[in-house]
1. Expressed in whole Å with the largest first, what are the equivalent ellipsoid semi-axes of the range B:39-96 derived from the C-alpha gyration tensor as the square root of 5 times each eigenvalue?
2. Please list A:D66, A:D17 from largest to smallest accessible area, probe radius 1.4 Å, with all protein chains kept in place.
3. A:R50 versus A:K10, label points 7 Å from Cα toward the beta carbon: distance in nm?
4. Please report the net charge: other residues with Cβ closer than 14 Å to the Cβ of B:G110, K and R +1, D and E -1.
5. If you average the alpha carbon positions of the range B:55-95 and of the range B:111-176, how far apart do those two centres end up, in angstrom?
6. Per 5 Å bin, what is the whole-percent P(r) computed from every C-alpha pair distance within the range B:113-168?
7. Counting alpha carbon pairs within less than 8 Å and at least 6 residues apart, what relative contact order, in whole percent, applies to chain B?
8. Under the rule a/c < 1.5 gives rounded, and otherwise a/b versus b/c splits prolate from oblate, where does the protein assembly as shown land using the Cα gyration tensor?
Amino acid sequence: MKELVEYIVKSIVAEPDNITITEENSDEGLLIKLEVADEDKGRVIGRGGRVAEAIRTLLRVKAAKDNTRVRLQIM
Amino acid sequence: MDELEIAASTVEEALEEAEERLGMKRDRFEVEVISEGKSGILGIGGEEAVIKVKPLPPAEEDLVKVAREVLDKLLNLLGVTAEVEVLSDQIPTTFNIKGDDLGILIGRHGQTIVSLEYIVKLIVAARLKGWQPLFIDIGGYRERRRSSLQQLALHLAEQVKLEHRDITLEPMSASERRIIHLALAEHPEVVTHSIGVGEDRKVVISPKQS
């Protein structure tokens, strides 16, 4: 799950070495927290949240395959 | 990516700076020398060299190679076993994902495939330094959906014309609504528009006012 977010985010930001991704397990499934450089925030969120929404859609595919639930929080 | 104007003391230096700023070698962009520059005496009366550069569109092979690699990687990370077929004769270049049980990749109203395509386009744009047109399909799903939407549009337009009333379609994604709008754009007797917001947005076909 983390690898998927990492690959996408690293490929689209200006500072790929400056990202932090953590995973937390909770009753509601997996919570992925993503932190990027300030100037890259717009790139991972996108206009109207379009990029973040597309990443979440792909995460849901993976979660459905793994029989779990996932949330992505951009810090 | 747009044009970039670069000034430096010599054309060669400007070219080096262009390579650095664009992140690509000089054979991959178009160069127009605006001023050759003059060196002047003791730094007085000199003129800077100015060039205008513009990245060339990447070669078709590059787009296919990069997009295919990105798509393979994403499918792998998603845990999906599938094969990617490249249809280079289509415009835009189409990548058709083939395999068993790919419904999960299509999603509701094809939303997942649209997201996958968007992410691939973003990554390819970052790699090739510019937005590239490409189309991702799954087992021909979008192609079939496109032709059935076109047929539906024409059929409903006929009904609108005969009954002389508006007909509202079911909610659709932006790309699907676009197929309906385009299919009826030239229709002599009906017009289309969309109503509703977000996931509930749908196309309305109305008789043309004469």
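The values are calculated or read from the model by the stated rules, or taken from the named source; none is laboratory data. A quick note: this is a predicted structure, and the numbers were derived from the prediction, not measured. With ideal geometry, Cβ positions are generated from the backbone for all residues, glycine too; neighbour counts draw on all protein chains shown. Note: areas computed on protein heavy atoms with side chains; ligands, DNA, RNA excluded. Shrake-Rupley method; radii C 1.70, N 1.55, O 1.52, S 1.80 Å.
1. On the way: eigenvalues 457, 47, 8 Å².
Listed largest to smallest, the semi-axes of the range B:39-96 are 48, 15, 6 Å.
2. Numbers: A:D66 75, A:D17 150 Å².
The ranking, largest first, comes out as A:D17, A:D66.
3. Taking the two extended label points, one gets 2.6 nm.
4. Local charge sum for B:G110: +1.
5. Here the answer is 19 Å between Cα centres.
6. 4, 17, 15, 13, 11, 11, 11, 9, 5, 3, 1
7. 13 percent
8. Working: a/c = 2.27, a/b = 1.43, b/c = 1.59.
Note, shape of the protein assembly as shown comes out oblate.
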